[in-house]
Amino acid sequence: MDSTKALDPKRSVVVEACAGSGKTWLLVSRIIRLLLDGAKSSEILAITFTRKAAQEMQTRLRDWLYELASEDESHVRDFLHQRGVQDVDDVLPKARLLYQQFLLAEPAITISTFHGWFMQILQRAPMNGGFQLVEKTSDLMREAWETFLDGLHEDREGETSESMMYLFEKFGISNARKLLQGFVDKRAEWWAYSRGRDASWACEELQKEFAVPDPEFDPLADWGMCGNSEERLFAFTIQMALNGTDVQKGNASVI
């Protein structure tokens, strides 16, 4: 999406981009555009996953608003142009006052982590029933893993148990757990990709898209069918053992 469109306060947008591509710049710039458009500080909420990211957003917003208040007019005009502001002459006086308004705002703009924001909600509107927020993700993942394994133990003949046994035998327990953790980390992308479809459809489509070989494919048998001799395979394996990486040397030993 064009960054100018994403900065427009009148639009609702979703921006997806890789690390280091400028998402923080875009988000903080959008906050400034919202303030210029008349939004109140109490109406703006920015949530991220880590305290470090929240602190970076808070610092950048404060520094930019100070910049708008203190720099010369040409600099401020350029700043506003970069963020897609069209009527700079009309907006300029308001931009000069944003820093003061930011410092005096009650309540202030909320820039927080998910955990911190939910904690604020609970403090303002307490709930009955012993509600507790747990911040340590590692503890939650360990508890989820143990619960999952208990479920497998109770249903040893189930489809999930059979699938897990395949992963354990194929990759080992540690690597299988890493694979599952990677899947959990990307669960939002998986849900979005497979929405309205079953898992088998998604797996088949991914196999086509990334040209994943058939799991039953036998590369050694294919080697011989392509006219390669055992001598050439042996020579190739020797080169791997002598000049390959540590992983390749280990694989050469297996071959």
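The values are calculated or read from the model by the stated rules, or taken from the named source; none is laboratory data. Note that the coordinates shown come from a computational prediction; the quantities given were computed from them, not determined experimentally. Cβ placement follows ideal geometry from the backbone for every residue including glycine, while neighbour counts extend to all protein chains displayed. Please note that ligands, DNA and RNA were not included when accessible areas were found on the heavy atoms of the full protein model with its side chains. Shrake-Rupley method; radii C 1.70, N 1.55, O 1.52, S 1.80 Å.
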### Query
On the given criteria, is Gln100 assigned to a helix (DSSP H, G or I), at pLDDT 90 or above, among the polar types (S, T, N, Q) and open to solvent by 90 Å² or more (accessible area, probe 1.4 Å)?
yes
### Summary
Restricting the range 74-97 to residues that are of a type in the set (Gly, Ala, Ser) and in a helix (DSSP H, G or I), the one most open to solvent (accessible area, probe 1.4 Å) turns out to be Ser74
### Task
Answer yes or no: is there a residue in the range 6-13 that is loosely packed, with under 11 Cβ neighbours inside 10 Å and at pLDDT 90 or above.
no
#### Entry: Cross-chain or 6+ apart pairs with Cβ under 8 Å, the range 138-153 first and touching a residue at least 12 places away in the same chain (Cβ under 8 Å), then open to solvent by 70 Å² or more (accessible area, probe 1.4 Å) and among the polar types (S, T, N, Q)
Leu152/Thr160
### Task
Would you check if Leu36 is in contact (Cβ under 8 Å) with a residue 12 or more places away in the chain and open to solvent by less than 60 Å² (accessible area, probe 1.4 Å)?
yes
### Task
Please verify whether the range 18-31 includes one or more residues that are of a type in the set (D, E, K, R) and either open to solvent by less than 50 Å² (accessible area, probe 1.4 Å) or in contact with an Asp or Glu (Cβ under 6 Å, 6 or more places away or on another chain) (or both).
yes
### Query
What number of residues within the range 1-49 satisfy the criterion of being under 22 Å from the mean Cα position of the chain (by Cα), in a loop (DSSP other than H, G, I, E, B) and of a type in the set (Gly, Ala, Ser)?
6
